[in-house]
Amino acid sequence: MHITIAKVDENLFDGEAAYLSVPSVGGVLGILPNHEPFITILNEGIAVVRLQDGSEQEFRIDGGVLEVHKNGATVIL
């Protein structure tokens, strides 16, 4: 699935991933390919992107918005 994590003036991640984990207002959310579309507010915490090779990249976030769409997700910080 395609993941984008961006600030207004900077793209932090833009690529393919196997999994995304983000801290939401309702707890930690795990997003897999073909997840049901939705939008939610994010809390402060760590977003984790698991790449196709199993490696992970972590991003400290101070809140934002997550939009999950067909085979992808966008995080706006």
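Bear in mind these aren't lab numbers, they're just calculated from the coordinates by the rules spelled out. Because the structure is a prediction, the values reported are computed rather than measured. Every residue, glycine among them, receives a Cβ derived from its backbone with ideal geometry; neighbour counts consider all protein chains shown.
Matching residues to (1) farther than 14 Å from T4 by Cα; (2) within 11 Å of the chain's Cα centre (by Cα); (3) not β-branched (V, I, T):
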| position | (1), (2), (3) |
| --- | --- |
| E16 | no, no, yes |
| V22 | no, yes, no |
| V25 | yes, no, no |
| N34 | yes, no, yes |
| F38 | yes, no, yes |
| N43 | yes, no, yes |
| R50 | no, yes, yes |
key: the range 14-39 residues that are on the phi < 0 side of the Ramachandran plot and charged (D, E, K, R), paired with ones that are part of a loop (DSSP other than H, G, I, E, B) and surrounded by fewer than 13 Cβ atoms within 10 Å (Cβ to Cβ) (beta carbon under 7 Å, 6 or more apart)   = E16/Q52
ask   = What strands (runs of 3 or more DSSP E) completely inside the range 1-60 contain at least 1 residues that are more than 13 Å from V75 (Cα to Cα)?
value = 10-16, 19-24, 27-31, 38-50
ask   = Can you name every residue in the range 61-77 that is in a loop (DSSP other than H, G, I, E, B) and either of a type in the set (A, V, I, L, M, F, W, C) or in contact with a strand residue (DSSP E or B) (Cβ under 9 Å, 6 or more places away or on another chain) (or both)?
value = N71, L77
remark   = Those residues of the range 1-17 that are surrounded by 15 or more Cβ atoms within 10 Å (Cβ to Cβ) and either aliphatic (A, V, I, L, M) or closer than 13 Å to I61 by Cβ (or both) come to a total of 7
request  = Six or more apart or on different chains, Cβ under 9 Å: which pairs go from a residue in the range 56-77 that's within 17 Å of V25 (Cα to Cα) to one that's among the basic types (K, R)? Could you list them?
outcome  = G64/K7; I76/K7; L77/K7
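Just to be sure I understand, how many residues within the range 31-77 are of a type in the set (K, R) and touching a Leu at 6+ places or on another chain (Cβ under 6 Å)? Before you say what the answer is, go through the steps one by one.
Taking the range 31-77 and keeping what is of a type in the set (K, R), we get 50, 60, 70.
Now restrict to residues that are touching a Leu at 6+ places or on another chain (Cβ under 6 Å): none.
Residues that pass the stated criteria total 0.
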